[in-house]
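Remarks on the structure that follows.
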Ligand SMILES: [Zn+2]
């Protein structure tokens with residue numbers, strides 16, 4: 001085994017590659033098998049030869065295989081390239097319309113929802129549909145008092161911020 005300190009010419013990342021021989025390295029380099037584990041660049045050159053040949057340990061060769069794991073873990077959290085299925089878009093569109101319809105005659109009461117819902121429930125305010133925001137605690141308290149609060153499927157913008 002021979003260890004080379006490699007670097008990608010694009011971003012100057014340093015990493016180690018283990019090879020059977022320097023011939024082996026040259027071959028892999030020529031075929032474009034080498035890949036920077038940090039940025040995926042295939043523009044790999046030798047940085048300097050590590051002096052300790054036959055180093056102990058069971059490290060896997062880094063550059064002999066393209067760094068699949070690395071590129072997977074880089075790709076996973078990225079969602080911008082995820083394509084949203086058409087059914088989902090259609091469904092969300094329908095849901096948004098349904099919610100809009102449902103709230104057409106409802107009054108936005110913002111974070112005073114719990115108080116207003118109580119007023120209506122106890123007859124201190126006219127009976128009419130309202131919607132607003134409430135904490136989970138408030139919703140639980142309302143439920144204890146027998147006042148139902150329906151969670152809306154989609155977030156609602158306060159009317160003022162719609163402008
Ligand atoms: Zn790199």
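The values are calculated or read from the model by the stated rules, or taken from the named source; none is laboratory data. Predicted, not measured: the structure shown is a model, and the values here were computed from it. Here Cβ is always computed from backbone atoms with ideal geometry, including for glycine, and neighbour counts include all displayed protein chains.
Could you name every one of the helices (runs of 4 or more DSSP H) located completely within region 65-142 that has at least 3 residues being modelled with pLDDT of 90 or more?
Fully inside region 65-142 and qualifying: 113-121.
Would you say residue 1 is under 30 Å from residue 154 (Cβ atoms) and at pLDDT below 90? Show your work before the answer.
Details: under 30 Å from residue 154 (Cβ atoms): no; at pLDDT below 90: yes.
In short, no.
If you go through region 18-48, how many residues are surrounded by fewer than 13 Cβ atoms within 10 Å (Cβ to Cβ) and under 34 Å from the mean Cα position of the chain (by Cα)?
Quick first cut of region 18-48, residues surrounded by fewer than 13 Cβ atoms within 10 Å (Cβ to Cβ) only: 21-23, 26, 30-32, 45, 48.
Next, from what is left, pick out any that are under 34 Å from the mean Cα position of the chain (by Cα): 32, 45.
Total satisfying the criteria: 2.
Could you run through region 1-17 and say how many residues are crowded, with 16+ Cβ neighbours inside 10 Å and either within 9 Å of the ligand (Cβ to nearest atom) or under 34 Å from the mean Cα position of the chain (by Cα) (or both)?
7
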